[in-house]
Ligand code: FE
Ligand code: FE
Ligand code: ZN
C-alpha cells in the first residue's frame, strides 16, 4: 500500500570511510531525509565487504527508532551490469550472476527496492537488446520468488546506445516479462528531460503518457536531478536543483505532485566543489523556497 507522504532524500555514501549502513543512515538523518539511496558496494567493481561487517543490525534499529521504513529505501545496482547486451552472452551471464548476488546482499540489509540501469545495445540490435533484458530479468527473478525484492528500471537519457530511453521501450519489456509483478520503473528527471520529455512544462502530460504505455502503478521511485543540458540533448549531466534547464518551479511541482506521494524521491545532484548540497536542496524543495547554492555561477534556467 502506497503511503500518503512525501518521501524525499538523497544518494548517500555507504562505505567503510562513512561507517557503512550506520553512516549512510546518519548522513540521511542529517539531511532531514525520510528516504535515501546507496550503493551496496563499489559501483564499478565486484569487490564487496563481508555482509557481516556493514552494520545491518544497528542500521535496522536506527531505521525502526526513527520511523524509517526500509521498504522506502533504494539501493542502486552496480554500473557493471548490462542485462540487455545483445552481442555478448558472456556479459549477460556475468550480469545475471552478479545481480543475483547483489540482490541477496540487498535483502540481507532489509531493503527491497533496487534501481537498475536497463543496459545498452552496444552495436547490436535494439529490439534484441530489449528482449534480452526481459529474459535476463526473468532469469534473475526466477531465484527470488517469494522474496520481497523489486527491481525498478531507470529511465535513461539516450546517451550512447542505452535502451529504455522512452516509455515504448518499457512497454515492450513489460510485455515480454514473466515476473512482471517484481519489475517497475524509476524516473530520473534529468534523464527524462535529456531524452526529450517535457518534464519542465508538462509533467502531467509525461505522467499521462507513462500511465497509458506502462501504468502509473509501475512508478516505484524517482531520481530528482536538474539537467545541465537542453531538453532532448541526450547527454546525462546532472545539475543542482534550480540551476539547470528543468528549473526550480518544475522540480517543486514534481516533488509535491499528488501522484508522487509515497514514491521515494532521491537527489543525485552534484557536489558543489566539496560541499554536499543535499540538506539545502531537500529543505528548499520541502519549503518551496529557492536558495541559490552557487551564487557565483550563472543559473542556466534563467538564461533560457
Ligand atoms: Fe542511475
Ligand atoms: Fe539516476
Ligand atoms: Zn544520470
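Distance between the modelled labels on residue 287 and residue 253, one decimal in nanometres: 2.4 nm (7 Å Cα→Cβ projection). Dividing the radius of gyration of the alpha carbons in the chain by their Kirkwood radius gives 0.94 for Rg/Rh. Calculated mean residue ellipticity at 222 nm for the chain: -10500 deg cm²/dmol, from DSSP H runs with n ≥ 4 weighted as -39500 (n - 2.57), summed, divided by the residue count and rounded to 500.
Here is the P(r) of the stretch 155-256: all C-alpha pair distances, binned every 10 Å from 0, give 17, 50, 28, 5, 0 in whole percents. Take 31-39, 82-90 and order them by the average number of nearby Cβ atoms within 10 Å per residue, most first; the result is 31-39, 82-90. Taking the average, over residues, of other Cβ atoms within 10 Å as the packing measure, peptides 169-176, 210-217, 264-271 rank 264-271, 169-176, 210-217 from highest down. You can think of it this way: the chain between residue 271 and residue 60 has 73.1 nm of extra reach, that is 0.36 nm per residue less the Cα-Cα gap.
Calculated translational diffusion coefficient of the stretch 1-90 (37 °C, 0.692 mPa s; Stokes-Einstein with Kirkwood radius over alpha-carbon pairs) equals 228 µm²/s. Of the peptides 140-146, 233-239, the order by per-residue mean of other Cβ atoms within 10 Å, starting with the highest, comes out as 233-239, 140-146.
Every number here is computed from the coordinates shown, using simple stated rules; none is lab data. Bear in mind that the values here come from a model prediction, so they are computed numbers and not experimental data. Positions of Cβ are generated from backbone atoms using ideal geometry, with glycine treated the same way; all protein chains shown enter the neighbour counts.
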